[in-house]
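Structure record follows, encoded as structure tokens.
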Amino acid sequence: MSMPFYVPPEQMTKDRADFARKGIARGRPMVVIEYNDGVLLIGENPGGSLHKTSEIYDRIAFAGVGRFNEFEMLRVAGIRYADLKGYSYERADVTARGLANAYAQTLGQIFTHEMKPYEIEVMIAEIGTSTGDTEIYRIQFDGTLRDAAGFAVMGGMEDELTERLASTLDGVPDLGGAVRAATSTIEGIMETSIPPEDWEAAVLDRLLSKRRKFRRLESDEIGQLRSS
């Protein structure tokens, strides 16, 4: 009887992490920035038919990078989680923190026990009634959960984008300032010009009178905000 092939747990964990990071790094970056009236989620998405940003609940939005089918499964699961909890208890009981914890547990379980980890990262953002109530959470492929203040970046060239955005943003910008900071930073790092129709952008806008605060920005609006 042959002896089973042994791989140290440390090596297995490292190999899985390297595999996931390589897959995520091939994706186009996504930036989430807090602005004075809400949160902006923006990234390059030339296809446009497959969304990288989405509404989860009244004041909660989702953004993902990596393999679309994998973060799409998490998005759908998050909507079901939010709907069930809001229906069973109260709508106010559905929070970005609770959703981020659920995503972290799911991704951590997959990373530890499945043969192939998910090649994705996701971010959850929630707005309150004022700027100080904004919450942004980033969940990595291994279930690591971090909160962010002001802005967060995920996907390819993350370190360079984070460093440049940190030096570009001064306080909490308005929506136009957030769009210009995100688009110019991504274009600068990628050394290319990206037309308005190739951007995917959405906001959680606390100025909206209806209960749901999520809306998408059309290419015309993105162009106007960039030139304002």
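The values are calculated or read from the model by the stated rules, or taken from the named source; none is laboratory data. All of these numbers come straight from a predicted model, not from anything done at the bench. Quick reminder, even Gly has a Cβ in these numbers, built from the backbone with ideal geometry, and neighbours come from all protein chains shown.
Key figures for this structure:
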{"item": "Restricting the stretch 45-76 to residues that are over 14 Å from the mean Cα position of the chain (by Cα) and closer than 24 Å to residue 26 by Cβ, the residue that is surrounded by the most Cβ atoms within 10 Å (Cβ to Cβ)", "result": "73"}
{"item": "Any hit, the stretch 115-135, residues being in contact (Cβ under 8 Å) with a residue 60 or more places away in the chain, out of contact with any Gly (no Cβ under 8 Å at 6 or more places or on another chain), acidic (Asp, Glu) and surrounded by 15 or more Cβ atoms within 10 Å (Cβ to Cβ)", "result": "yes"}
{"item": "Qualifying positions in the stretch 182-215 - without any contact (Cβ under 8 Å) to a residue 60 or more places away in the chain and within 16 Å of the chain's Cα centre (by Cα)", "result": "215"}
{"item": "Candidate set: the stretch 150-181, residues that are within 26 Å of residue 111 (Cβ to Cβ) and free of Cβ contacts under 8 Å to residues at least 24 places away in the same chain; chosen: the one nearest to the chain's Cα centre (by Cα)", "result": "162"}
{"item": "Strands (runs of 3 or more DSSP E) wholly inside the stretch 1-108 containing at least 1 residues that are modelled with pLDDT of 90 or more and charged (D, E, K, R)", "result": "30-35, 38-44, 53-57"}
